[in-house]
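Asks: This is the structure, below, for whatever I ask next.
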Amino acid sequence: MSKADTDSESFDRCYRLLERHQFDRVFEQPVRLIIPPFTLLFRENQLGYPRLGFVISKKNVRLSVGRNRIRRQARESFRRNRLKLPGVDLVLLVRRDIKSFQSDQVKDALDKLWQRLGDG
């Protein structure tokens, strides 16, 4: 049994997109899901569990403190919801208008993304 088969709610390396070719595969033929301030690109994988990667540009979120905060929020939200998600590779893009969102609004948007992905 692989680590991904367990019901642990941790965010281990097996749940992350880490290498460029993994991101490139998603960018080649993505399915898009847009819920401001996020765009979620995803593509089915053969692993049977979801993996998550981030693209948060300095142009959209200037300070590293802000980019890291968004990553932490997204990881936590993903970690709590990943058992409901299909086997897909996900790339979370952060849009420029995130500056106008409060922390609880960001959390709600992430929860909506996972819910829509899990439903469809």
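Asks: Any idea how many residues of the stretch 94-120 are more than 19 Å from Arg82 (Cβ to Cβ) and either at pLDDT 95 or above or over 16 Å from the mean Cα position of the chain (by Cα) (or both)?
Replies: Looking only at that region, the number is 10.
Asks: Follow-up question, since we're still on this one. What's the number of the condition Leu40 fails, among (1) in a helix (DSSP H, G or I); (2) at pLDDT 95 or above?
Replies: (1)
Asks: Residues in the stretch 77-87: is at least one touching a residue at least 60 places away in the same chain (Cβ under 8 Å) and not basic (Lys, Arg)?
Replies: yes
Asks: In the list Val26, Val61, Val55, Val91, which residue meets the criterion of being aliphatic (A, V, I, L, M), touching a helix residue (DSSP H, G or I) at 6+ places or on another chain (Cβ under 9 Å) and under 22 Å from Asp119 (Cβ atoms)?
Replies: That would be Val91, the only listed residue that is aliphatic (A, V, I, L, M), touching a helix residue (DSSP H, G or I) at 6+ places or on another chain (Cβ under 9 Å) and under 22 Å from Asp119 (Cβ atoms).
Asks: May I ask you to verify whether Gln46 is free of Cβ contacts under 8 Å to residues at least 24 places away in the same chain and either more than 14 Å from the chain's Cα centre (by Cα) or closer than 17 Å to Ser10 by Cα (or both)?
Replies: When the stated conditions are applied, Gln46 does not pass them.
Asks: While we're here: Among the listed residues Leu93, Leu117, Leu83, Leu110, identify the single one that is within 23 Å of Arg13 (Cα to Cα) and part of a strand (DSSP E or B).
Replies: Answer to the check: Leu93.
Asks: In the stretch 45-76, which residues are of a type in the set (D, E, K, R) and in contact with a strand residue (DSSP E or B) (Cβ under 7 Å, 6 or more places away or on another chain)?
Replies: Arg51, Arg71
Asks: For the stretch 49-65, how many residues are in contact (Cβ under 8 Å) with a residue 24 or more places away in the chain and either on the phi > 0 side of the Ramachandran plot or not β-branched (Val, Ile, Thr) (or both)?
Replies: The qualifying residues number 9.
Asks: Another question about this same structure. Out of (1) within 19 Å of Asp111 (Cβ to Cβ); (2) modelled with pLDDT under 95, the odd one out for Met1 is which?
Replies: Single failed check for Met1: (1).
Asks: Collect the residues in the stretch 59-116 that are out of contact with any Phe, Trp or Tyr (no Cβ under 8 Å at 6 or more places or on another chain) and of a type in the set (Ser, Thr, Tyr), keeping them in residue-number order.
Replies: Listed by number, the residues that qualify are Ser64, Ser100, Ser103.
Asks: While we're looking at this one, here's another question. Search the stretch 89-103 for residues being touching a strand residue (DSSP E or B) at 6+ places or on another chain (Cβ under 9 Å) and farther than 16 Å from Leu18 by Cβ, and hand back the single one that is surrounded by the fewest Cβ atoms within 10 Å (Cβ to Cβ).
Replies: Arg95
The values are calculated or read from the model by the stated rules, or taken from the named source; none is laboratory data. None of these values were measured; they are calculated from a predicted model. Please note: Cβ atoms are built from the backbone with ideal geometry, for glycine as well, and neighbour counts cover all protein chains shown.
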